[in-house]
Structures are given as C-alpha cells and as structure tokens.
Amino acid sequence: MSRPASVVALYPGSFDPITRGHEDIARRALRVADRVIVAVAYTSTHTKSGLFEIDERVELIQSVFEGESRIEVMSFTGLLVDFAREQGAHLVVRGLRAVSDFEYELQMAQMNQELNPDLETLFLVPEVKNSFISSSLVRQVAALGGDVSTFVSPAVLNRLLAKLDT
Ligand code: COA
C-alpha cells in the first residue's frame, strides 16, 4: 500500500470527559498525520454509563482544541472501521498508558485489522505525568471533592464541577 498524500488519523474513545492524557495523544498524532479526527463513540454495545452527553463531550473537546485547525471533533455510532471508511481515515490512533492497556488494545487492533485490512492502528505513548489519568478516575475524584485541575483543561474542569453541583 502506498502512503497517502494526506494522512487522516482517527482518535476514537468515549472521552467522558476528555483529559490531559487524551489531549497529549491527539497532539502527538498531529506529528504523524495531517489531520486528526477525535471521534466520540456512542454505540449500543458500549456498556459504560456516562456523565456527559455525547454532544457535550464533542463540545468540550472542540473547546480544548480551539485554534488547532488540524484537529476535528465528531461523534460516531456503529463500527469504527465503517466510520473510518466514511471519513477516508488511514490510521486509528490509540494511547498506551501502561502494560494493562495492551491486551485490550491489541485485541481491538487485530479485530479492526480483520474487519478492514487497509486501516492501520498506531499506538502512541503519553507523557509519564499523564499516564495514570483516566476519565472515570477524574470523575470519581472530582465527585468526592478532590482537585482534578491538573488532569483536565480549565473548560472541562468548569463543566465538570458545574455538572457535579447539579
Ligand atoms: N489519557 C487518559 N485516559 C485515557 C487515555 C489517555 N491517553 N487513553 C485511554 N484512556 C482511558 C479513558 O479515559 C477510559 O477511561 P475510563 O474507562 O476511566 O473512562 C479508558 O482509558 C478507555 O477508554 P477509551 O479510550 O475511551 O476506550 P473505550 O474502551 O471506552 O472505547 C472504542 C474504545 C470507542 C475505540 C471502541 O469501543 C470502539 O471502537 N467502538 C466502536 C464499535 C466498534 O467498532 N467495535 C469493535 C472494536 S474492535
């Protein structure tokens, strides 16, 4: 397969909410792709219960990357490989924070490879200071009154605190 003239990468996830760790991965993806689509997944098979509505997650991610013209934010439903085809994406980017991420990520990458052999998965490694962050931990710590200001951007922090206050 030849290298496309313009590389489009999809960065999928639940982003409930987007954290500094996700931001780190999306920005790293810009080093290898011309355009990055941050793709918020909502599928009937997704069993995680959410705090933010899908539209709110999209909005928050857009505010985080405001001014970054090469990052786009979308939501999708159904199979990732189908969405990638629709968007003309060549790469799926995922972050690997620790060995514990690896097994699940490898399985997803191989399933996606089987479903669409033209789509490559690329694993990127976040900075050490971002490697223990997860959205559910951020939600939990914030709900219990802990300070999460270093784990999420100010726009996300404000919305998170407002949400937990209601
Ligand atoms: N920084 C911070 N947190 C990170 C992170 C990073 N760099 N990378 C992953 N995480 C966290 C997330 O916050 C999330 O934490 P949480 O469980 O506490 O909320 C966790 O790691 C994993 O979540 P996420 O990256 O959002 O993946 P997911 O497992 O929720 O979703 C999809 C994975 C959406 C990519 C996958 O389900 C999918 O492709 N769905 C579409 C349907 C499909 O095609 N299915 C077949 C796939 S083979």
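We did not get these values from a lab; they are worked out from the coordinates using the rules stated. The model shown is predicted, which means the values in this text are computed figures rather than measured ones. Note that we place each Cβ from the backbone using ideal geometry, even for glycine, and neighbour counts take in every protein chain shown.
How large is the dipole of the chain about the Cα centre if only Lys and Arg carry +1 and Asp and Glu carry -1, each at its Cβ, rounded to the nearest 20 debye?
320
Tilt of helix 154-165 relative to the longest C-alpha principal axis of the chain, in degrees (0 to 90, nearest 10)?
60
In degrees between 0 and 90, to the nearest 10, how far off the longest principal axis of the chain does helix 20-29 point, with axes built from Cα atoms?
20
Find which of Leu106, Ile37, Phe123 sits farthest along the positive direction of the dipole of the chain, computed with +1 on the beta-carbon of Lys and Arg, -1 on that of Asp and Glu, about the Cα centre.
Of Leu106, Ile37, Phe123, it is Phe123.
Is it possible to state the helix-based mean residue ellipticity at 222 nm for the chain, with each DSSP H run of 4+ residues giving -39500 (n - 2.57), the sum divided by total residues, to the nearest 500 deg cm²/dmol? What is it?
-12500 deg cm²/dmol
Can you tell me the FRET efficiency between Asp165 and Phe102 if r is taken as the Cβ-Cβ distance and R0 is 25 Å, rounded to the nearest 0.05?
That gives a FRET efficiency of 0.10.
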